[in-house]
Every structure is written in structure tokens, then in C-alpha cells.
1. Of the residues in region 3-25, how many are hydroxyl-bearing (Ser, Thr, Tyr) and closer than 23 Å to residue 141 by Cα?
2. Residue under question is residue 57, and the condition is that it be closer than 24 Å to residue 153 by Cβ, among the charged types (D, E, K, R), touching a Pro at 6+ places or on another chain (Cβ under 6 Å) and in contact (Cβ under 8 Å) with a residue 12 or more places away in the chain; does it hold?
3. For the condition closer than 30 Å to residue 19 by Cβ, touching a residue at least 40 places away in the same chain (Cβ under 8 Å) and of a type outside the set (A, V, I, L, M, F, W, C), what is the one hit in 144, 95?
4. Before we move on, is residue 58 under 30 Å from residue 115 (Cα atoms) and either of a type outside the set (S, T, N, Q) or in a helix (DSSP H, G or I) (or both)?
5. Identify, by number, the condition in (1) at pLDDT below 50; (2) under 24 Å from residue 91 (Cβ atoms) that residue 193 doesn't meet.
6. Given (1) surrounded by fewer than 17 Cβ atoms within 10 Å (Cβ to Cβ); (2) farther than 20 Å from residue 8 by Cβ; (3) not hydroxyl-bearing (Ser, Thr, Tyr), where does residue 119 come up short, assuming only one miss?
7. Hey, can you tell me all the residues within region 20-55 that are among the hydrophobic types (A, V, I, L, M, F, W, C) and part of a helix (DSSP H, G or I)?
Amino acid sequence: MKAAILYATSNPGKIREIGRLFGFHGLEVHALADFLPGVTLDPEENGSSLGDNALIKARAYAEAVSAAPSMRGRSFVVMSDDTGIFIDGLHGEPGIRVRRWVGRKMNDEEIIEHCLRSMSGISGEDRAATFRTVLCMLPVSADGKVGEAVTAEGELRGHILEAASASRRSSAASTTTANAPSRRPYRSSGGWWGGET
């Protein structure tokens with residue numbers, strides 16, 4: 001029997017997108033509400049790297065769910081990720097602090113607007129950027145013991161568009177998915193990030 005996969009995120013768009021991709025392989029991805037209805041987690045991502053922050057999220061979810069009586073005798077895997085965008089023309093900003101770029105938590109629309117405003121007057125190669133993600137998998141055994149984390153890192157080179165598309169969606173979920181190298185043009189679902197895969 002395959003272990004349940006718990007995605008350590010409160011973003012329903014990401015859960016839908018990753019659930020769809022994993023579904024192609026017969027794997028089911030669960031939200032926290034599937035195991036702990038009515039419970040929300042928002043661990044402080046105060047690590048010094050993407051890997052640190054991904055592990056902070058995974059551990060918080062693993063500890064909360066493994067302590068639930070309904071999970072006794074059931075193994076599962078917590079999956080988490082953390083993503084950063086490193087923009088050449090902004091000296092690597094916002095880096096690992098995308099969501100808190102201005103010192104407070106921002107939603108997707110605010111991030112896009114702040115990015116485009118910050119890049120006003122920046123053109124050409126200075127709009128190049130690296131989109132980097134670390135994925136963390138943390139197994140939890142049926143007796144509630146949290147195992148060793150396994151991480152993987154990937155990056156995608158692209159550029160920040162001059163303006164967001166009119167059809168941008170607030171979930172921006174597909175900007176966190178992996179892209180196979182095929183040299184095809186792409187745009188993020190938010191309509192502000194582009195390049196070639």
C-alpha cells in the first residue's frame with residue numbers, strides 16, 4: 001500500500017496542481033484538512049536557505065499530523081517546497097523572501113505588482129532571473145517517528161516580463177511546477193514570468 005502524501009501548504013491552487021501531476025502516477029496528494037479538519041498551520045519560515053524553509057514546513061506538518069489519534073498506525077510522507085526568485089537587475093532580490101519581500105506577508109497579486117514596479121526602467125538582460133525551488137520529502141512511520149528528510153533542488157532561468165498579462169490568475173500555482181528542458185517558450189500562470197524550458 002502506498003503511503004499517503006501530505007502537501008505542507010495552505011495554497012489550494014498548489015495542492016490541485018501537484019495533485020493533478022502526481023495523479024498521473026497513481027499517487028494521491030492530501031491537504032492538511034484531510035487529516036486535521038479545521039486546523040491551520042503557518043510555521044515561521046525563518047531559515048537562511050530555501051532548503052531550511054522547506055524542512056521547517058515539512059517538520060511542522062509532520063509533528064502536528066503524527067500526533068493526531070486518527071493517524072496512529074498509519075504511515076505518511078510530508079512533501080513541502082520553498083521557492084525563491086533571484087532577479088539579476090535587482091541584485092538577486094527578492095531571493096528566498098519572495099512572500100515577505102516588503103517586510104510583511106504578501107499575496108500573489110501584491111508580489112507581482114511590487115516586482116513590476118521595482119523593475120520599472122530595467123530592461124534587456126537585467127530582467128533575467130532564476131526561479132529556484134527546493135522540494136523536501138519527510139517520511140513518518142506508522143508509530144509516529146519522523147524519518148530523515150530527502151531534498152532535491154531545481155532551477156529555471158527566464159526573465160521578468162514588462163507587464164502582467166490581462167488573464168493572470170491569483171493562484172499562480174503552475175509557477176512552482178517542474179519543467180523539462182525542451183527549449184519551448186512558456187509563461188507563468190500569473191503572466192509575469194517567462195523564458196524557455
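The values are calculated or read from the model by the stated rules, or taken from the named source; none is laboratory data. Computed from a predicted model, the values in this text were never measured in an experiment. So basically every Cβ, Gly included, is an ideal-geometry build from the backbone, and we count neighbours across all protein chains shown.
1. 2
2. Here the answer is yes, as residue 57 does meet what is asked.
3. One residue alone meets the criteria, 144.
4. Here the answer is yes, as residue 58 does meet what is asked.
5. (1)
6. (1)
7. Once the filter is applied, which keeps residues that are among the hydrophobic types (A, V, I, L, M, F, W, C) and part of a helix (DSSP H, G or I), region 20-55 yields 21, 22, 32, 33, 35, 50, 54, 55.
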